[in-house]
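These notes are about the structure you will find just below.
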Amino acid sequence: MLPLVQIVQTPYRYAGILLIGIGIWLNIWGDGLFKREKTTIKPFEQSSVLIVEGPFRFSRHPMYLGMVAILLGVAIICGSLITFVAPITFFIIMSVVFVPVEEKAMEVTFGNEYLEYKARVRQWL
């Protein structure tokens, strides 16, 4: 069992609130763009529009980045070593399972347009 050792002390724990806020903001912003363009937000459904504006200018997966930020913010607020398992696990699962499948689907759907986007925008940050 991982120890419940406190690795983040107050006042540094308050940084977690900022990360949670950034994560929520990224998700709301990205969701709004999907709704505006009337394309699916669901990972395994085919997109009808390639969104390259807003947070998608600096991250190909800003909503997943937002989710990692939220989990990391919670871990920082809790402050113990074990709480960092969740954001790390989520990041690994997204990177290994979801992102490759989604990116392949985007390549098939949007071809060179997606490949050019992929070449200029980083996967996470």
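The values are calculated or read from the model by the stated rules, or taken from the named source; none is laboratory data. Since we're looking at a predicted model, the values are computed, not measured. Note: ideal-geometry Cβ built from the backbone for every residue, glycine included; neighbour counts use all protein chains shown. Heavy atoms of the whole protein, side chains included, go into the accessibility calculation; ligands, DNA and RNA do not. Shrake-Rupley method; radii C 1.70, N 1.55, O 1.52, S 1.80 Å.
Values as computed for the structure displayed
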| quantity | calculated |
| --- | --- |
| Test set (1) open to solvent by 40 Å² or more (accessible area, probe 1.4 Å); (2) in contact (Cβ under 8 Å) with a residue 60 or more places away in the chain; (3) touching a helix residue (DSSP H, G or I) at 6+ places or on another chain (Cβ under 8 Å) - Leu81 fails condition number | (3) |
| Search result, residues across the stretch 94-104 that are open to solvent by 50 Å² or more (accessible area, probe 1.4 Å) and either of a type outside the set (Lys, Arg) or in contact with a Phe, Trp or Tyr (Cβ under 6 Å, 6 or more places away or on another chain) (or both) | Val96, Val97, Phe98, Pro100, Val101 |
| Residue within the stretch 30-39 that is open to solvent by 20 Å² or more (accessible area, probe 1.4 Å), within 27 Å of Phe84 (Cα to Cα) and at pLDDT 95 or above present | yes |
| Residues of the stretch 40-56 classified as within 17 Å of Trp124 (Cα to Cα) and either open to solvent by less than 20 Å² (accessible area, probe 1.4 Å) or not aliphatic (A, V, I, L, M) (or both), total | 6 |
| Qualifying residue in the stretch 14-26 (condition: at pLDDT below 95, in a helix (DSSP H, G or I) and open to solvent by 60 Å² or more (accessible area, probe 1.4 Å)) | yes |
